[in-house]
Amino acid sequence: MRVERGAIFADGALVLQAALRGHGVALMDRDHARDDLNAGRLVQAFDVSIPYGAFWLVARRFDALSEPARRFVAWIERCYPGRKGA
């Protein structure tokens, strides 16, 4: 299966607007989309939700991170102990 990379938005409001205009699926904070979900302008596509305050650290290769990025990861792990993913 070939998967093409779609649009990337740096702002949750832009993600919401793109979803409302039918440009695809939005992964976003449910509270941010609550009015549109309640009004039926958006639907929750999957029966999955992420607890408030959840986060992911994403990198192509964590073993190739720059030193500043490694320090950031270490800081996040110190701030949120016990939340390390699989």
On the given criteria, is L16 surrounded by 13 or more Cβ atoms within 10 Å (Cβ to Cβ), in contact (Cβ under 8 Å) with a residue 12 or more places away in the chain, of a type outside the set (D, E) and assigned to a loop (DSSP other than H, G, I, E, B)? no
Tell me which residues, restricted to the range 33-78, are at pLDDT below 90, of a type in the set (D, E, K, R) and assigned by TED's automatic domain parsing to the domain that holds H23. D47
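The values are calculated or read from the model by the stated rules, or taken from the named source; none is laboratory data. None of these values were measured; they are calculated from a predicted model. Reconstructed Cβ throughout: ideal geometry from the backbone, glycine too, with neighbour counts over all protein chains shown.
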